[in-house]
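Read-outs throughout are calculated quantities, based only on the coordinates presented, and are distinct from any laboratory measurement. Because the structure is a prediction, the values reported are computed rather than measured. Cβ: placed from backbone, ideal geometry, glycine included. Neighbour counts: every protein chain shown.
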Amino acid sequence: MEERIKKNIEEIKDFSTNSHEELEAFRIKYLGKKGLLTSYFIDFKSLDNDKKKDVGQLLNQLKLSAQSKLEELKTKLLSGVSKSKLNDLSRPGDIIQLGSRHPISIVKNRIVEIFSEIGFTISEGPEIEDDWHNFSALNLPEHHPARDMQDTFFVDKDPDFLLRTHTSSVQVRYMENNKPPIRTISPGRVYRNEAISARSHCFFHQIEGLCIDKDVSFADLKQTLEYFTTKLFGKSKIRLRPSYFPFTEPSAEVDVYWGLNNETDYKMTKGTGWLEIMGCGMVDPNVLKNCKIDPNEYSGFAFGLGIDRIALLLHQIDDIRLLSENDIRFLEQFKASY
Ligand code: PHE
């Protein structure tokens, strides 16, 4: 038995391979459940006591050398640097899996770029907000019925902390900390306590814009929106429908004329040719006052749009839930987009 073990130790010393299969066979032969070591240990039990010491030492040596050889060859195979392969210059390169940007990021980056070109800075703020920045400062005092327009997730009721329902909260923070002239956009994630379906989710992404200066008028707002829709969609015809937001007066909803050139256009615009894309209006004087800006000296406009909705439109995605499922098969399709 001693001779056989010694021979095995020599065999292990000389063993080398570049193949995973051979290495696995090596492991099974020496270290497997029914391998040599197991059978030696069974025989070992019936040895005379005076023999056990020497054979025991040899068996340990065998085990250790098999284990360290296995580790050594495994590392070598994994790093793929076996000399013969390195020298083979015709070997194909390793395939590197390129990631892709998420459609939300693609659209967000594009919108940010468009507004940066006309002097808008980017501002960000916390996702957990207090009542003041999300509601009260925006002309939505406590018990105001318009608070129900945005179903809210509360984090704490006393004092009120909540998951922001829109990024208008960032604009309040910006106005509190900066003097006009102001031109800023605030991209970010927002939350609403709504049932999840193909068309709505309990969180999504917004970009809101704010421009405050002397003599800013509704005409400036409309001009800015026309510039934006031309850049983003290649369509310049828009219409403003009167609407209501507590923080703007007057307020409007913006539709862009998409056209009805094919079946998809019919589907997207529900046969009207028009697509609703955002809300906007002139900042309510009360909001300016709340942020310590004098409404007699300054005026401004604000607008807000959902990035997810625009991503669905631009990429013809028919279920908003796909945007948050992180399914590689879905995300891979955006590799070619920028
Ligand atoms: N904050 C509004 C919303 O989330 C969007 C909006 C922003 C409307 C600015 C008008 C002006 O629905």
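I need the peptides 137-149, 162-174 ranked by packing, meaning the mean over residues of other C-beta atoms within 10 angstrom, with the highest value on top.
Details: 137-149: 15.2, 162-174: 23.8.
Output ranking for 137-149, 162-174: 162-174, 137-149.
Going by amide H atoms built from the backbone, whose H comes under 5 Å of the H on THR165, apart from near neighbours?
Distant-sequence amide H within range of THR165: TYR191.
Calculate I(q)/I(0) for the stretch 244-338 by the Debye formula, one identical point scatterer on each C-alpha and no solvent, and give its log10 at q = 0.15 Å⁻¹ to two decimals.
Summing over Cα pairs of the stretch 244-338 leads to -0.77.
Once Lys and Arg get +1 and Asp and Glu get -1 on their Cβ, which of HIS144, PRO187, PHE26 lies farthest toward the positive end of the dipole of the chain?
PHE26
Once both labels are modelled 7 Å past Cα along the beta-carbon direction, what's the ASN296-GLN61 spacing in nm?
For ASN296 paired with GLN61, the spin-label model returns 10.1 nm.
Which of the helices in the chain, when you take each full DSSP H run, stretch at least 30 Å along the axis at their Cα atoms and have an average Kyte-Doolittle score of -0.5 or higher? Intermediate values should be presented prior to the final figure.
Numbers: long enough: 49-79 (46 Å, -0.84).
In the chain, no H run is both long and hydrophobic enough.
Which value, in nm² and rounded to one decimal, describes the direction-averaged projected area of the C-alpha convex hull of the chain? Intermediate results must be reported in sequence, preceding the final value.
Numbers: hull surface 121.0 nm².
The Cα convex hull of the chain, projected and averaged over all directions, gives 30.2 nm².
Looking at this model, which pairs from LYS53/LYS74; LYS6/LYS52; LYS51/LYS74; LYS179/LYS231; LYS45/LYS74; LYS231/LYS289 are more than 26 angstrom apart at the alpha-carbon?
Values: LYS53/LYS74 32 Å; LYS6/LYS52 15 Å; LYS51/LYS74 35 Å; LYS179/LYS231 29 Å; LYS45/LYS74 32 Å; LYS231/LYS289 34 Å.
Going by Cα-Cα distance, LYS53/LYS74; LYS51/LYS74; LYS179/LYS231; LYS45/LYS74; LYS231/LYS289 fall outside the 26 Å limit.
Based on the alpha-carbon set only, what is the convex hull volume of the stretch 188-288 divided per residue, in Å³?
Numbers: hull volume 13.2 nm³, N = 101.
Per residue, the Cα convex hull of the stretch 188-288 comes to 131 Å³.
So if we plug the beta-carbon distance of ARG189 and LEU78 into 1/(1 + (r/R0)^6) with R0 = 41 Å, what FRET efficiency do we get, rounded to 0.05?
0.55
First obtain the Kirkwood hydrodynamic radius of the stretch 2-87 from its Cα pairs, then insert it into the Stokes-Einstein equation at 37 °C and 0.692 mPa s, and state the resulting D in µm² per second as a whole number. Walk me through the numbers before you get to the answer.
Working: Rh = 14.0 Å.
Reported coefficient: 234 µm²/s.
As a check on your grasp of the helix formula, calculate [θ] at 222 nm for the chain: sum -39500 (n - 2.57) over DSSP H runs of n ≥ 4, divide by the residue count, round to the nearest 500.
Details: 13 runs with 140 residues, N = 338.
About -12500 deg cm²/dmol.
So for the pair ASN18, ASN177, with labels modelled 7 Å out along Cα→Cβ, what separation do we get in nm?
Taking the simple label geometry, ASN18 and ASN177 are separated by 6.0 nm.
Counting every Cα pair in the stretch 46-123, what percent are over 18 Å apart? Show your work: numbers first, answer last.
Working: 2205 of 3003 pairs.
Percent of Cα pairs beyond 18 Å in the stretch 46-123: 73.
Dipole of the chain (Lys/Arg Cβ +1, Asp/Glu Cβ -1, origin at the Cα centre): which of PHE301, GLY93, PHE247 lies farthest to the positive side?
Toward the positive end, the furthest listed residue is GLY93.
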